[in-house]
Amino acid sequence: MGLKKSVYKLINKVVAGAMGTDLSQPQTEPSGEPYITEGLSALARQAAAEGVVLLKNDGVLPFARGTRVSLFGRCFYDGFYVGYGSGGDVKPPYTVTFIDGAKGAERAGRIRLDRETERAYLQWRADKKNAPDDGFWGHRPHSYREMPVGAELARAAAARSDVALVLIGRAAGEDDDSFNAPGGYLPTAEEVQMLCAVTAAFAKTVVLFDCGGVQDLSFLQPFGEKIAAVAFAFFGGMEAGGALFDMLTGEVSPCGKLADTVAAAYTDYPSAQHFGGKAYSEYAEDIFVGYRYFETFAKEKVLYPFGFGLSYTAFSLDVCAFSAHGDAFEAEVHVKNIGGRAGKEVVQLYCAPPQGVLGKPARVLVAFAKTRELAAGEEEELLLRFRARDFASFDDTGAVARNAWVLEAGEYRFYAGNSVRADRLAGTYTLAAPRVLAQTSGACPLATPFLRLCAREKDGAVVPVREDVPTGGYDEKARILAQLPAEIAQTGQRGHSFADYAEGRVSAEEFLAQLTDGELEALTRGFGCMNAPQGVSGNAGAFGGVVPALAARGVPAAVTADGPAGLRLNRYCALLPCGTALACSWNTPLVRSLFAKLGEEAAHYGVDVWLGPGMNIHRDPLCGRNFEYFSEDPLLTGRMAAAAVQGVQSRGRAACPKHFACNNQERRRNKNDSRVSARALREIYLRGFEICVEEGDPLCVMTSYNKVNGEWAHYHFGLVTDILRGDWGYTHLVITDWWMRRAESPHFAGVKDNAYRVRAQVDVLMPGNRGHLRKKYISDGTLLRRLNGRGGITRAEVQRSAGNTLRFLKELYAACPGERRGRGAKGAVLCRIRENL
């Protein structure tokens, strides 16, 4: 153990070195007082509560006032409140733990806790050998060893209590996928033994899961009616404990709905045989991810369907109207609370498309809306709007029109309800002939063929078949050459300041024309290291005016902070509910309000760019960062991400959705090739980003580490220039994830690394240096060495990315009217600004 701990300390020291600080020492505001944004805690607690999903309830919940409760499971005391890694390493000013939440409910007179059981846990935890081992980066615990619960302890507790609460915890994170074994996706022997002892002694047992994504629930089935209630309490952040007990005691009626399908076994998920590859992962399930697979081919393998979640009350749903106006559709749904308690309901609208020649999922989510809290007998009408693109197919075969969004001929049926099993017919839409909605660039086709899952009609049924994925059809080199920009003639120093450009006195071209090649290069990379001197301690880095020459022109430095669970700084910052919990709330106005408060906190600390939201698809339950992301569904993902972006950017900060794209596993993420058909890429893995860009207009997008169809995402011209900027019309900034892989362009000899990146319009390398531990920037020479040389990068391309950076900084400048932000190259504030948000 001594050697192991020494290794832990060494690795943590290396990580701390990269951050430029001692991560083991908590930092506070200069006053020493933790800072809490006014109003944020209440929103965080509400979001955490609305993200709890009640799956089973035999009437034991909510607890009657004064119910006597025994708590089993060490996670009441050593809980998981967020996952691991850069997306979760937030230092909250406080944490309402699960035992805190229980005691708060007891103080309010809602429950009575069994102190003898609590004392047993406290005594067991006091023994050093039972202390949790926190591990180190990429090797943190997925679960904790449980205290043995014998029959005598359980029976004694049952004699003093009315009900048992059992809490089982799981965690995973960055560089650390889960695993299909006990302690990972499956329960441990200790957990099963605990449940056996408790259910044998108690007439009523409630099982709760403290986790960041769905877990195996099949092990609960043998217990049958001995388990009276089951709920997922996805990581709730610093308000998790209070939120959970608000739900259990009826202060809040549960209104969370699953953002992922819960299958009977891990091996039932269609990705299970194609997840976690070393060199590559074939997305052989194609578009049939999550409920798209189960509702089409394997409904019988589902324990709890997508969109499902119970309430303490009941609702009636009636479709009042359904209409189509060109490519725009509307459904009016009347919701009434017909139960005896107040509560909220989520109305979900699904399309059941014709199979046609392309083959399609049985159901596709096209719209959703959540009611306000309705008192017993109260009613509300919801208007659900959607577009033809929300149920269109991407044709990568040419059966209708290759590389186009199409609607095939036939009848499209729309169903409203409160899960994917919705059965109320809302309306129909019939096409006599196929329609092409949008032709695309055809970028990012599959390079290495494999067989994919397809749906085909046979004898009146839809059956799964395997077919070759189309490849090729896109000439990236020709596309690059056709889109090379024109150079702006260099003029030398003309005295134009950044303020002149930002306030419209000179054009972007006039400002760029005065910049030297070295200054242009500096605008295409960060300061060099994390914890840049331009910002608050613990920041993720800075970019923009990061060299003295640019700072002298008044170019500001934009300071970044990791997300999405909050702000990862060496300051006390709010720890928010995880992405899964937020998605399970299905409450976009709430998410928007919560992240507006995060924007205020970012402003307080001088953070310009929040590196979030994380919005990769929950392709597989074992992905370590699923807690950061939202859902298996791209529409729900895109709407949640857009709400978070809108919230942060409403406060004059920039949001940076990540990781673009297909970062769906953590194992060897910076070596792995995500091999995916153009159809699945467009319909599943890019669709959420597309919605976020359209509805949220994020000022920044971050690429992923992995390859996408053979090319690193941070060098991917097809992905970034043709799809993001071309097909979607995105005009803002694109940055790398922190550091990148060395590579040479397959089309242009000698164009490599930073030149290769800039050619793709991935504008900024973050944090700037190639090495993880260098504090001072050292250029690798790959951008300027062959500038304007034969076959090399052109000055015009460097100007284009430098211009994208300047436009980004101008947009931040415009978000704070009358203010000047000018953090100098060494952290000196050149133009003192007043934050007035």
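The values are calculated or read from the model by the stated rules, or taken from the named source; none is laboratory data. Remember, it's a predicted structure, so these values are computed and weren't measured experimentally. Cβ coordinates were reconstructed from backbone atoms using ideal geometry, including for glycine residues, and neighbour counts include every protein chain displayed. Note: accessible area is taken over every heavy atom of the protein model, side chains too, but ligands, DNA and RNA are not part of it. Shrake-Rupley method; radii C 1.70, N 1.55, O 1.52, S 1.80 Å.
With the alpha-carbon atoms of the stretch 316-417 aligned to their principal axes, the span from lowest to highest coordinate is 54, 24, 19 Å, starting with the largest. If you plug the beta carbon distance of GLN123 and GLU251 into 1/(1 + (r/R0)^6) with R0 = 25 Å, you get a FRET efficiency near 0.20.
By the gyration tensor of its Cα atoms, with a ≥ b ≥ c the square roots of the eigenvalues, what is the shape of the stretch 218-325: rounded for a/c under 1.5, prolate for a/b over b/c, or oblate?
The shape class here is oblate.
I want to verify the translational diffusion coefficient of the stretch 522-669 in µm²/s; compute it with Stokes-Einstein, Rh as the Kirkwood radius over Cα pairs, at 37 °C and 0.692 mPa s. For these conditions, the coefficient is 207 µm²/s. With a cut-off of 10 Å between beta carbons, the residues surrounding ARG667 carry a summed charge of 0, where Lys and Arg count +1 and Asp and Glu -1.
Report summary: the helix-based calculation at 222 nm, which adds -39500 (n - 2.57) for every DSSP H run with n ≥ 4 and divides by the residues of the chain, gives -7000 deg cm²/dmol. Sorting the segments 221-228, 55-62 by their residues' average number of neighbouring beta-carbon atoms within 10 angstrom, most packed first, yields 55-62, 221-228. Debye-formula intensities of the chain, expressed as log10 I(q)/I(0) at q = 0.09, 0.11 Å⁻¹, are -0.88, -1.30 (one equal scatterer per alpha-carbon, no solvent).
Compute the accessible area per residue over the stretch 714-792, keeping the other protein chains in place, probe 1.4 Å, unit Å².
Values: 2870 Å² over 79 residues.
With all protein chains present, the stretch 714-792 gives 36 Å² per residue.
Would you work out what percent of the accessible area of the stretch 325-464, with all protein chains in place, is carbon or sulfur (probe 1.4 Å)? Looking at the stretch 325-464 in its full context, I get 48 percent from C and S.
A protection proxy built from the mean count of other Cβ atoms within 10 Å ranks the segments 620-630, 598-608, 258-268, most packed first, as 620-630, 598-608, 258-268.
Other residues with beta-carbon under 9 Å from the beta-carbon of GLY792 carry, at +1 per Lys or Arg and -1 per Asp or Glu, a net charge of +3. With K and R counted +1 and D and E -1, the other residues having a Cβ less than 12 Å from that of VAL463 yield a net charge of +1. When peptides 470-483, 193-206, 655-668 are sorted by average Cβ neighbour count within 10 Å, with the highest value leading, the order is 655-668, 193-206, 470-483. Across the chain, C-alpha contacts under 8 Å between residues 6 or more apart give a mean separation that, scaled by the residue count, equals a relative contact order of 15 percent. Annotation: per residue accessible area for the stretch 167-262 equals 24 Å², rounded to a whole number [probe 1.4 Å, protein chains only]. Panel note: the C-alpha atoms of the stretch 397-531, placed on their principal axes, show extents of 75, 39, 38 Å (largest first). Centroid-to-centroid, using Cα positions, the stretch 444-461 and the stretch 787-814 are 41 Å apart.
Straight-distance candidates among the aspartates and glutamates for linking to LYS103, with alpha-carbon spacing under 20 Å and chain neighbours fewer than 8 residues away dropped: ASP78, ASP114, GLU116, GLU118, ASP162, ASP210, GLU239, ASP246, GLU251. Take the Cα of THR267, go 7 Å toward its beta carbon, and the backbone nitrogen atoms of the stretch 611-643 under 20 Å from that spot belong to 620-623. Taking the DSSP bridge list for the chain and keeping only pairs wholly inside it, about 65 percent are antiparallel. The percentage of C-alpha pairs in the stretch 494-543 whose separation is greater than 18 Å is 47%.
Note on ALA447 and THR471: the extension gain reaches 8.1 nm, defined as 0.36 nm multiplied by sequence separation minus the Cα-Cα distance.
Could you give the length gained by full extension between VAL357 and HIS139, i.e. 0.36 nm per residue of separation minus their alpha carbon distance, to one decimal place?
Once the chain is fully extended between VAL357 and HIS139, it gains 73.8 nm.
Excluding ligands, DNA and RNA, the accessible surface per residue across the stretch 311-367 is 32 Å² with a 1.4 Å probe. Surface composition of the stretch 140-255: carbon and sulfur make up 54 percent of the accessible area, probe 1.4 Å. Based on the Kirkwood approach, the hydrodynamic radius assigned to the stretch 502-591 is 15.7 Å, with every pair of different Cα atoms included.
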